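Student: Below is the structure I would like to discuss, written out as structure tokens.
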């Protein structure tokens, strides 16, 4: 089995594609909205759809399909999915809002000739509930289509 088992693991394949397609959609949606190709969106966090949500829901759905929705491993996957999606929409979104406020404070200080050498914080860290739901739906669809 060994390393070859990783490449034949259907749940892992579905999980990878759940993440990959969500990240690719971020690049496409950014291209549509800004008319610029921004490949950093492929590896960046935040944005539509949530790749965290897509990854965990595709994994959980694949586990349910392959192992049974009443299996202990499905229960574990479901719990991890709930925690991840809550974190994406709650904690990480709040951190992004705080970063936006801190960045505005830095701009205000800089415009009044104060010297401040701190770099601006990354604002696009978390997700709106809409982005989390979209990522979750995408993940379920990918698992159902692939399995």
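Student: Could you check how many residues of segment 24-36 are surrounded by fewer than 19 Cβ atoms within 10 Å (Cβ to Cβ) and either in contact (Cβ under 8 Å) with a residue 12 or more places away in the chain or out of contact with any helix residue (DSSP H, G or I) (no Cβ under 8 Å at 6 or more places or on another chain) (or both)?
Tutor: Quick first cut of segment 24-36, residues surrounded by fewer than 19 Cβ atoms within 10 Å (Cβ to Cβ) only: 24, 27-29, 31-36.
Pick out the ones that are also either in contact (Cβ under 8 Å) with a residue 12 or more places away in the chain or out of contact with any helix residue (DSSP H, G or I) (no Cβ under 8 Å at 6 or more places or on another chain) (or both) and you get 24, 27-29, 31-35.
Residues meeting the conditions: 9.
Student: Find the residue count for segment 49-88, including only residues that are surrounded by fewer than 18 Cβ atoms within 10 Å (Cβ to Cβ) and outside any helix (DSSP H, G or I).
Tutor: Residues meeting the conditions: 4.
Student: Considering 78, 116, which residue is modelled with pLDDT under 75 and touching a helix residue (DSSP H, G or I) at 6+ places or on another chain (Cβ under 8 Å)? Can you show your working first?
Tutor: Working: 78 fails: modelled with pLDDT under 75.
Only one candidate qualifies: 116.
Student: Give the residues of segment 37-48 that are assigned to a helix (DSSP H, G or I) and out of contact with any helix residue (DSSP H, G or I) (no Cβ under 6 Å at 6 or more places or on another chain), sorted by residue number.
Tutor: We begin by selecting, within segment 37-48, every residue assigned to a helix (DSSP H, G or I); these are 39-42.
Those that are assigned to a helix (DSSP H, G or I) and out of contact with any helix residue (DSSP H, G or I) (no Cβ under 6 Å at 6 or more places or on another chain): 39, 40.
Student: Select from segment 26-67 the residues that are modelled with pLDDT of 90 or more and closer than 21 Å to residue 87 by Cα and list them in ascending order.
Tutor: If the condition is that a residue be modelled with pLDDT of 90 or more and closer than 21 Å to residue 87 by Cα, then 26, 53, 54, 55, 56, 57, 58, 59, 60, 61 are the ones that fit.
The values are calculated or read from the model by the stated rules, or taken from the named source; none is laboratory data. The structure presented is a predicted model; accordingly, all values stated were derived computationally and were not measured. Backbone-built Cβ (ideal geometry, glycine too); neighbour counts: all protein chains shown.
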